[in-house]
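The values are calculated or read from the model by the stated rules, or taken from the named source; none is laboratory data. Computed from a prediction, not measured in an experiment: that's the story for all the values here. With ideal geometry, Cβ positions are generated from the backbone for all residues, glycine too; neighbour counts draw on all protein chains shown. Quick note on the areas: whole protein, heavy atoms, side chains included, nothing else; ligands and nucleic acids left out. Shrake-Rupley method; radii C 1.70, N 1.55, O 1.52, S 1.80 Å.
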Amino acid sequence: MKKHFYVITIQYLGYRFHGWQKQPDVKTLHLMVDRTLNFILEGKTFKSLSSGRTDAMVSAECAKFELFLAEPLEDKQAFLNLFNYNLPQDIRALDITEVDAKFNIINHSKTKEYLYLFTFGEKCHPFCAPIMTTILDDLDIELMKEGAKLFQGEHYFKSYCFKPTDNGIYNREIITCEIIENDIYTANYFPKQSYLLRVKGKGFMRNQIRLMMGTLIDLGKGKLTLEDIKYSLQQDVFVKMEYIAPASGLILNNIEFE
């Protein structure tokens with residue numbers, strides 16, 4: 001029987017979910033997506049496979065999963081509308097594209113861009129909590145901007161992998177890493193000034209962005225120096241970084257397949 005393949009782009013607020021991957025006795029994004037698909041497909045056989053797993057409380061502007069069906073969709077837009085109508089309000093489907101059997105959403109070469117939204121200096125409105133990390137200490141933002149640039153290029157990132165093994169591939173390339181003022185996310189309860197760490201690259205490791213962000217926060221507090229970061233990126237060096245930035249500030253902003 002011929003199979004049919006579709007890539008669906010979704011966005012979601014991850015604050016109330018235990019990440020993407022299904023787990024016993026907790027609410028995950030994959031669980032809610034599959035429950036919705038099972039309902040609208042009325043029990044027909046299907047399989048869904050994500051381009052990557054996000055951790056608990058991480059959000060996404062642009063995440064993608066592949067849908068495998070035994071029967072073709074007669075009207076993709078009608079399917080997308082029905083899917084959205086039945087999804088919970090913190091998940092939204094943006095588009096659907098048919099692909100061929102050669103496409104593999106996991107192994108296909110792709111570039112991902114992440115944003116990390118943060119502010120500092122004062123307690124924020126509680127409504128900020130789902131997508132913004134607040135650091136109550138003062139931060140040297142200009143120094144953090146210098147530190148972010150150190151991550152760009154090809155480096156040895158073992159120090160920025162949670163619980164690394166001796167068999168991992170830690171030589172990775174970061175295409176873009178910068179701290180900029182936030183003009184993307186706004187609300188009347190947001191602080192007057194907030195910032196974004198923007199990171200773009202391929203093949204990120206577990207908690208890599210959050211460890212990089214945590215290191216930059218410690219740099220901004222004066223706990224680390226630029227030389228500490230330079231040393232941590234040297235070949236075959238492993239430094240256990242003490243601070244993993246909270247997950248709720250992290251947003252998967254885009255995925256581009258090559």
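General observations
- Filtered GluC sites (Glu not before Pro), region 15-87: DSSP coil and at most 12 other beta carbons within 10 Å: E42, E74
- By accessible area, using a 1.4 Å probe on protein heavy atoms only, the chain has 48% of its surface on carbon and sulfur.
- Candidates per GluC sites (Glu not before Pro) in region 140-243, loop by DSSP, up to 15 other Cβ within 10 Å: E242
- Packing-based order for 4-11, 229-236, using average beta carbon neighbours within 10 Å, highest first: 4-11, 229-236
- Note on M132: accessible area approximately 10 square angstrom, rounded to 10, probe 1.4 Å, nucleic acids and ligands left out.
- Helix-only mean residue ellipticity at 222 nm for the chain, each DSSP H run of n ≥ 4 adding -39500 (n - 2.57), per residue, nearest 500: -6500 deg cm²/dmol
- Loop-located trypsin sites (Lys or Arg not before Pro) in region 71-132 (DSSP state other than H, G, I, E, B) with a sparse environment of at most 11 neighbouring Cβ atoms within 10 Å: K102, K123.
- Spatially close lysines, pair count over region 31-160: Cα under 29 Å, gap of eight or more or interchain: 29
- Three-way shape call for the chain based on the alpha-carbon gyration tensor, with the a/c threshold at 1.5: prolate
- Normalised per residue, the accessible area of region 78-232 is 52 Å², obtained with a 1.4 Å probe and no contribution from ligands, DNA or RNA.
- Label zone at F68 (point 7 Å along Cα-to-Cβ), backbone N below 11 Å, region 21-46: 46
- Think of a 1.4 Å ball rolled over the protein heavy atoms: region 1-55 then has 57 Å² of accessible area per residue.
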